[in-house]
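Heads up: the structure comes next, in structure tokens.
The values are calculated or read from the model by the stated rules, or taken from the named source; none is laboratory data. Predicted model, so just to flag it, every value in this text is computed and none were measured. All Cβ positions, even for glycine, are placed from backbone atoms using ideal geometry, and neighbour counts span all protein chains on display.
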Amino acid sequence: MQTNHVIKLEEVHKTYHTGEVDVHAVRGVSLEIGAGEFVAIMGSSGSGKSTLMNMIGALDRPTGGHYWLDGIDISTLSRDALAEIRNEKIGFIFQGFNLLSRTSAHENVEMPMLYNHQRIAAHEQHERAAHALELVGLGERADHHPNQLSGGQQQRVAIARALVNRPALLLADEPTGNLDSQTSIEIMGVFQKLNDQGITIIMVTHELDIARYTKRMVILRDGKIVTDETVADRLNAEQELAKLKQAQKAVQLA
Amino acid sequence: MRIFASLRIAGRALRRNKMRSLLTMLGIIIGVGAVIGSVSLTSGATKQVEDQVSSLGESVITVFSGNFTSGAMRGGWGSAPTLTVEDTKAIAGIKNVVAVSPEVRDREQVLANGLNWNTQVMGESPDYPQIRNWSIASGTMFSDQDVRSLAKSAVIGKTVVDQLFPNENPIGQTIRIRNLPFLIIGVLAPKGFNLFGQDQDDVVVVPYTSHMHRITTRTFVNDILVEAANDTAIDSVQNDITDLLLTRHRSKEQDFTVRNQLELMQAVTATSRAMGFLLAGVAAVSLVVGGIGIMNIMLVSVTERTREIGIRMAVGARAADILVQFLIEAVTLSAIGGSIGILGGMTFSWLIAHFRHWPTVTPFGWIVIAFVSSAVIGVISGFYPAWKASKLDPIDALRYE
């Protein structure tokens with residue numbers, strides 16, 4: 001088994017049958033991602049990156065090829081089995097945060113634990129959610145509802161929610177798409193910190209600036225990988241943030 | 001998924017649209033309220049009838065004399081004199097018979113105290129008050145000795161007292177029946193009107209022997225009242241009476257009829273039961289309409305919360321989890337509606353009882369039935385929307401705007 005890789009894609013295809021025309025969204029992607037990697041999947045719209053992301057996220061099954069996640073071949077699993085995989089192995093972060101409105105940050109973070117196969121005691125759920133919020137620096141805002149939080153804070157809640165089930169893989173789909181540049185850097189800082197703690201992260205982005213905070217860049221075009229390289233000039237979020245603040249100070253002084 | 005967590009999620013979803021939830025519940029509230037209200041009214045009416053029937057004496061069997069047939073003309077029950085005092089004495093010997101009274105009836109113009117009044121004069125045995133579950137308000141009942149001696153003693157009802165002795169104590173006074181002076185030795189407790197609207201208190205009771213030999217001259221009795229030891233003995237006693245009388249009368253055809261109060265009660269309560277069914281039918285229709293309302297709102301809710309469903313599926317909710325969540329929401333709606341309806345129906349029946357003085361009884365069984373059926377309606381009407389939600393594709397649901 002492929003235990004040394006968190007993710008192993010082997011000639012993965014995805015074809016949508018829409019009417020008479022078959023749309024080949026992903027045509028033969030092979031990819032291996034090891035534990036502790038931080039990968040950016042890039043590509044213009046229509047490149048197949050969303051479809052690939054859905055398959056990696058166990059939301060969708062490939063129509064061809066094989067996909068092992070944490071050693072499990074999930075290309076043949078049932079709907080319910082996929083749900084279990086998503087619950088236990090994957091943490092999702094979306095562009096639009098996708099938090100439940102009128103539900104406190106804490107309860108949002110607890111939500112995935114409701115669906116755990118093995119029941120978690122209520123007090124343990126509470127502790128784990130509190131710990132996850134602490135991890136993203138939102139410990140004191142647990143009782144706030146999403147509409148009382150800024151975009152960056154909402155995304156942090158989403159990250160806490162993704163982490164709460166201790167997944168093997170954190171999956172982020174344009175996590176900074178709805179955020180201003182400073183908040184984006186802050187969020188990338190959170191990711192870098194989590195990655196330093198050994199969590200594997202895959203994110204989809206179309207911004208090169210953002211991709212430079214990761215360790216590895218995979219670029220898709222027309223459903224195929226065209227580039228797969230290590231990020232050479234990697235940015236450090238903390239340093240960038242410090243630089244940005246200095247620049248802002250300079251503007252204020254001037 | 002834990003039921004408690006599901007309930008919390010459902011509660012939150014329903015609170016989010018308070019007005020809408022309330023309006024959705026309204027159908028169930030009205031339906032259940034109507035069920036409870038109508039059942040309370042009809043069971044109150046039934047209970048009243050039952051009370052009245054049992055006031056006639058619960059384990060009482062009445063033997064009516066037979067019908068008189070002359071050529072092709074057939075008289076009704078009691079038209080032929082077939083029952084005698086000897087029959088009564090024979091019946092008294094049957095097992096499980098605790099009291100008997102031969103009954104002779106007559107309407108007479110009675111005089112007392114310078115006033116006169118037309119009333120029912122009954123000839124009975126001293127067992128009569130016991131059989132009819134009737135107490136003597138003042139004075140005493142006549143005795144077996146009075147029966148043997150054809151005593152001119154009378155026990156009178158409340159109405160007769162009111163008419164003939166408006167401001168006096170009637171006991172010790174004389175009442176004249178067909179010019180014969182009868183001594184009033186007792187007054188019966190007021191009993192009110194019977195099921196057929198007759199004033200039961202408008203009565204003068206005398207020993208049956210006095211009635212048969214002094215007031216009138218007859219050898220047959222109108223009917224015989226028999227009290228069985230208990231409810232369960234009624235059937236066997238009834239059969240024994242039939243066998244006994246058939247033997248005694250040596251007739252092939254049954255020239256008498258044996259009836260018990262239970263049959264009477266069933267006949268009378270049949271009407272109110274039919275009324276109850278009608279009302280319950282109307283209520284059931286409104287429950288169905290309420291169920292459709294819930295289904296409608298749940299469908300809207302599923303569409304509105306497609307994104308939420310997508311999020312839940314993305315973090316690992318199985319189809320069954322989503323199904324259960326929406327089902328619980330629908331059941332919560334209908335169960336809360338049902339509970340409010342039960343309270344409303346009980347309040348309604350209480351108000352009716354309080355202001356209109358109608359007897360109302362809310363049977364506990366019906367409260368349970370109403371609650372369970374509203375929950376079942378929730379399950380039925382919530383199932384399709386919940387199933388639809390559970391079949392959503394997580395990718396499509398997440399993309400839904």
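Considering region A:67-101 alone, what residues qualify as being without any contact (Cβ under 8 Å) to a residue 60 or more places away in the chain and of a type in the set (A, V, I, L, M)?
A:I72, A:I74, A:L77, A:A81, A:L82, A:A83, A:I85, A:L100
Read through the list (1) within 13 Å of another protein chain (Cβ to nearest Cβ); (2) assigned to a helix (DSSP H, G or I), then give the number of the only condition that B:S339 fails.
Condition (1) is where B:S339 drops out.
Is it the case that B:Q238 is in a loop (DSSP other than H, G, I, E, B), modelled with pLDDT under 90 and within 24 Å of B:I91 (Cβ to Cβ)?
Values: in a loop (DSSP other than H, G, I, E, B): no; modelled with pLDDT under 90: yes; within 24 Å of B:I91 (Cβ to Cβ): yes.
Taking the combined requirement at face value, the residue does not satisfy it.
For region A:168-177, how many residues meet the condition of being crowded, with 21+ Cβ neighbours inside 10 Å and either β-branched (V, I, T) or over 11 Å from the mean Cα position of the chain (by Cα) (or both)?
First pass over region A:168-177, keeping only residues crowded, with 21+ Cβ neighbours inside 10 Å: A:169-173, A:175-176.
Of the ones still in play, those that are also either β-branched (V, I, T) or over 11 Å from the mean Cα position of the chain (by Cα) (or both) are A:176.
So the count comes out to 1.
With the condition kept exactly as written, say whether any residue in region B:367-389 is in a loop (DSSP other than H, G, I, E, B) and either away from chain A (no Cβ under 14 Å) or not aromatic (F, W, Y) (or both).
No, region B:367-389 contains no residue that is in a loop (DSSP other than H, G, I, E, B) and either away from chain A (no Cβ under 14 Å) or not aromatic (F, W, Y) (or both).
What residue, among those in region B:296-315 that are hydrophobic (A, V, I, L, M, F, W, C) and surrounded by fewer than 21 Cβ atoms within 10 Å (Cβ to Cβ), is nearest to the chain's Cα centre (by Cα)? Working first, answer last.
Our first condition is that a residue be hydrophobic (A, V, I, L, M, F, W, C); within region B:296-315, this holds for B:297-300, B:302, B:309, B:311, B:313-315.
Narrowing further to those that are surrounded by fewer than 21 Cβ atoms within 10 Å (Cβ to Cβ): B:299-300.
Details: B:L299: 44, B:V300: 45 Å.
Among them, the one singled out is B:L299.
Does A:D180 satisfy the condition of being modelled with pLDDT of 90 or more and surrounded by fewer than 16 Cβ atoms within 10 Å (Cβ to Cβ)? Give the derivation first.
Values: modelled with pLDDT of 90 or more: no; surrounded by fewer than 16 Cβ atoms within 10 Å (Cβ to Cβ): yes.
It is false that A:D180 is modelled with pLDDT of 90 or more and surrounded by fewer than 16 Cβ atoms within 10 Å (Cβ to Cβ).
Any residue in region A:130-153 that is touching an Asp or Glu at 6+ places or on another chain (Cβ under 7 Å) and at pLDDT 90 or above? So that I can check it myself, show each step before the final result.
Step one: of region A:130-153, the residues touching an Asp or Glu at 6+ places or on another chain (Cβ under 7 Å) are A:152.
Filter once more, so that each one left must be at pLDDT 90 or above: none.
No, region A:130-153 has no match at all.
Need the failing condition index for A:R128 against (1) under 23 Å from B:I3 (Cα atoms); (2) within 10 Å of another protein chain (Cβ to nearest Cβ); (3) of a type outside the set (A, V, I, L, M); (4) under 21 Å from the mean Cα position of the chain (by Cα), just the number.
(2)
Where residues in region A:160-216 are basic (K, R) and part of a helix (DSSP H, G or I), which of them is farthest from A:E140 (Cα to Cα)? Steps first, please.
Looking only at region A:160-216, we keep the residues that are basic (K, R), and these are A:161, A:166, A:193, A:212, A:215-216.
The next check asks that each one be part of a helix (DSSP H, G or I); those that pass are A:161, A:193.
On the way: A:R161: 16, A:K193: 20 Å.
Among those that are basic (K, R) and part of a helix (DSSP H, G or I), it is A:K193.
In region B:117-135, what count of residues is obtained for those that are at pLDDT below 90 and surrounded by fewer than 16 Cβ atoms within 10 Å (Cβ to Cβ)?
Of the residues in that region, 2 qualify.
Just name the residue that is surrounded by the fewest Cβ atoms within 10 Å (Cβ to Cβ) out of those in region B:390-401 that are assigned to a helix (DSSP H, G or I) and charged (D, E, K, R). I'd like the intermediate steps shown before the answer.
Initially, region B:390-401 is screened for residues assigned to a helix (DSSP H, G or I), giving B:390, B:394-399.
Then keep just the ones that are charged (D, E, K, R); that gives B:396, B:399.
Values: B:D396: 10, B:R399: 12.
Applying the filter and picking the extreme gives B:D396.
Here's a check for you: in region B:94-115, which residue that is free of Cβ contacts under 8 Å to residues at least 40 places away in the same chain and assigned to a strand (DSSP E or B) is farthest from B:N133 (Cα to Cα)?
First, pick out the residues of region B:94-115 that are free of Cβ contacts under 8 Å to residues at least 40 places away in the same chain: B:107, B:109, B:114.
Then drop every residue that is not assigned to a strand (DSSP E or B), which leaves B:107, B:109.
Numbers: B:R107: 23, B:Q109: 27 Å.
Ranking the candidates gives B:Q109 first.
List the strands (runs of 3 or more DSSP E) that sit entirely inside region A:13-117 and contain at least 3 residues that are surrounded by 15 or more Cβ atoms within 10 Å (Cβ to Cβ) and more than 9 Å from chain B (Cβ to nearest Cβ).
On the way: elements: A:21-34, A:38-42, A:64-69, A:90-93.
By residue number, A:21-34, A:38-42, A:64-69.
What do you reckon, is A:I74 modelled with pLDDT of 90 or more and under 19 Å from the mean Cα position of the chain (by Cα)? Show your work before the answer.
Numbers: modelled with pLDDT of 90 or more: no; under 19 Å from the mean Cα position of the chain (by Cα): yes.
No, not satisfied.
Please indicate, with yes or no, whether at least one residue in region B:304-324 is in contact with a Pro (Cβ under 7 Å, 6 or more places away or on another chain), more than 14 Å from every other protein chain (Cβ to nearest Cβ) and either touching a residue at least 12 places away in the same chain (Cβ under 8 Å) or of a type outside the set (A, V, I, L, M, F, W, C) (or both). So that I can check it myself, show each step before the final result.
First pass over region B:304-324, keeping only residues in contact with a Pro (Cβ under 7 Å, 6 or more places away or on another chain): B:310, B:313-316.
Those left that are additionally more than 14 Å from every other protein chain (Cβ to nearest Cβ): none.
Looking through region B:304-324, none of the residues is in contact with a Pro (Cβ under 7 Å, 6 or more places away or on another chain), more than 14 Å from every other protein chain (Cβ to nearest Cβ) and either touching a residue at least 12 places away in the same chain (Cβ under 8 Å) or of a type outside the set (A, V, I, L, M, F, W, C) (or both).
I need a count of the residues in region B:347-366 that are in contact (Cβ under 8 Å) with a residue 60 or more places away in the chain and either of a type in the set (V, I, T) or outside any loop (DSSP other than H, G, I, E, B) (or both). Walk me through how you get there before you give the answer.
Step one: of region B:347-366, the residues in contact (Cβ under 8 Å) with a residue 60 or more places away in the chain are B:348-349, B:352-353, B:358-363, B:366.
Those left that are additionally either of a type in the set (V, I, T) or outside any loop (DSSP other than H, G, I, E, B) (or both): B:348-349, B:352-353, B:360-362, B:366.
Adding up the residues that qualify gives 8.
Could you tell me whether region B:263-285 includes any residue that is touching a helix residue (DSSP H, G or I) at 6+ places or on another chain (Cβ under 7 Å) and without any contact (Cβ under 8 Å) to a residue 60 or more places away in the chain?
no
Limited to region A:131-158, what total is found for residues that are over 14 Å from A:F97 (Cα atoms) and either surrounded by 16 or more Cβ atoms within 10 Å (Cβ to Cβ) or under 22 Å from the mean Cα position of the chain (by Cα) (or both)?
Qualifying residue count, region A:131-158: 12.
Taking the criterion of being modelled with pLDDT of 90 or more, out of contact with any His (no Cβ under 6 Å at 6 or more places or on another chain) and under 26 Å from A:G177 (Cα atoms), would at least one residue in region A:112-129 satisfy it?
Within region A:112-129, one or more residues are modelled with pLDDT of 90 or more, out of contact with any His (no Cβ under 6 Å at 6 or more places or on another chain) and under 26 Å from A:G177 (Cα atoms).
Condition first: touching a residue at least 24 places away in the same chain (Cβ under 8 Å) and assigned to a strand (DSSP E or B). Now tell me which residues in region B:117-149 satisfy that.
Hits for region B:117-149 are B:W117, B:T119, B:Q120, B:V121, B:M122, B:G123, B:E124, B:I136, B:A137, B:S138, B:G139.
Kindly indicate the residue of region B:184-233 that is touching a Lys or Arg at 6+ places or on another chain (Cβ under 6 Å) and either part of a loop (DSSP other than H, G, I, E, B) or free of Cβ contacts under 8 Å to residues at least 12 places away in the same chain (or both) and also surrounded by the fewest Cβ atoms within 10 Å (Cβ to Cβ) among those meeting that condition.
Result: B:P190.
Filter region B:316-335 down to residues that are touching a Phe, Trp or Tyr at 6+ places or on another chain (Cβ under 9 Å) and more than 23 Å from A:F94 (Cβ to Cβ) and give me whichever is surrounded by the most Cβ atoms within 10 Å (Cβ to Cβ).
Applying the filter and picking the extreme gives B:A330.
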